[in-house]
Structure formats: C-alpha cells, structure tokens
C-alpha cells in the first residue's frame, strides 16, 4: 500500500535535512532530485514518468523549465512546482516554501553555512 502524500513529503524533508550540505546550486538540485525520487520509489508504487504528469499521484523534483530569477537576489533561483517553491542558492542552500500557507517548510544552509534568508520569498 502506498504511503500518503503527507507521509512522503515529511520523509523527503527529513532525508533532505539530514543530507550533507551542498556546496553549489547543481549539487543542491541533484540532492533534491535524488532524494525525492528515492522517497517516491520506496514509498509508492507509482512509476516515474519522464513527462512529469501533474495528476499521477507521484511527486516530481523541480524541472529546469520552471526556473525563475528571484528579484533582488541574483544568487538565488526559484523553481515553482504544484505545491511548493524550491529556492536554490549558488552556495547550495535550499529553501522550500509552501504555496498555500506561504510558510518556509525547509531552510537548509549551503556548505558555507549561509541560508537563503527571508528576503528571497517569491
């Protein structure tokens, strides 16, 4: 039986928080992608679809075509997905914001110890 979406996202946040800090944007994006894909593979029976359908029940990592600049923060990129915005800093920092509430649900500093910060809210 598949785990609920809330159980899976909680596990994703737990694993991402526990992973070593990333040192740059690409490493952070790879962590997000790898960890979310592993959680979905382990906790659901929904196969990965490279077309990233929005209604198959699986959570997918941010896609490069959803990348946007963050006003006034040249070192931060925002990736919008169905329920969250994932902000990635050039230093490997990761911040995830819930669209419904606007709350920061994960704020992970990069390897240099610096976090995205509140000024990056989309």
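The values are calculated or read from the model by the stated rules, or taken from the named source; none is laboratory data. Treat the numbers as computed from the prediction; the structure is a model and nothing was measured. For neighbour counting, all protein chains shown are included, and Cβ atoms are generated from backbone atoms with ideal geometry for every residue, glycine included.
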If you scan the stretch 21-42, which residues turn out to be outside any helix (DSSP H, G or I) and either at pLDDT below 95 or surrounded by 22 or more Cβ atoms within 10 Å (Cβ to Cβ) (or both)?
-> 22
In the stretch 78-100, which residues are farther than 14 Å from residue 25 by Cα and more than 12 Å from the chain's Cα centre (by Cα)?
-> 99, 100
Of the conditions (1) surrounded by 14 or more Cβ atoms within 10 Å (Cβ to Cβ); (2) at pLDDT below 90; (3) more than 17 Å from residue 99 (Cβ to Cβ), residue 58 clears all except one; give me its number.
-> (2)
Failed condition for residue 91, given (1) surrounded by fewer than 15 Cβ atoms within 10 Å (Cβ to Cβ); (2) farther than 20 Å from residue 12 by Cα; (3) at pLDDT 90 or above, with all others met?
-> (1)
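Would you mention how many residues in the stretch 94-122 are buried (at least 20 other Cβ atoms within 10 Å of the Cβ) and closer than 17 Å to residue 13 by Cα? It would help to see each step written out before you state the result.
Our first condition is that a residue be buried (at least 20 other Cβ atoms within 10 Å of the Cβ); within the stretch 94-122, this holds for 94-97, 108, 110, 116, 120.
Still in the list and also closer than 17 Å to residue 13 by Cα: 94-97, 108, 110, 116.
Going through the stretch 94-122 one residue at a time, the tally reaches 7.
Which of the residues belonging to the stretch 101-122 are at pLDDT below 90, assigned to a loop (DSSP other than H, G, I, E, B) and over 16 Å from residue 25 (Cα atoms)? Outline the logic, then answer.
The initial filter retains those residues of the stretch 101-122 that are at pLDDT below 90, namely 117-122.
Now drop any that are not assigned to a loop (DSSP other than H, G, I, E, B), which leaves 117, 121-122.
121, 122 - these are the residues of the stretch 101-122 that are at pLDDT below 90, assigned to a loop (DSSP other than H, G, I, E, B) and over 16 Å from residue 25 (Cα atoms).
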Mind checking whether some residue in the stretch 68-77 is surrounded by 14 or more Cβ atoms within 10 Å (Cβ to Cβ), in a loop (DSSP other than H, G, I, E, B) and over 14 Å from the mean Cα position of the chain (by Cα)?
-> no
State whether the residues of the stretch 43-54 include one that is part of a helix (DSSP H, G or I) and in contact with a helix residue (DSSP H, G or I) (Cβ under 8 Å, 6 or more places away or on another chain).
-> yes
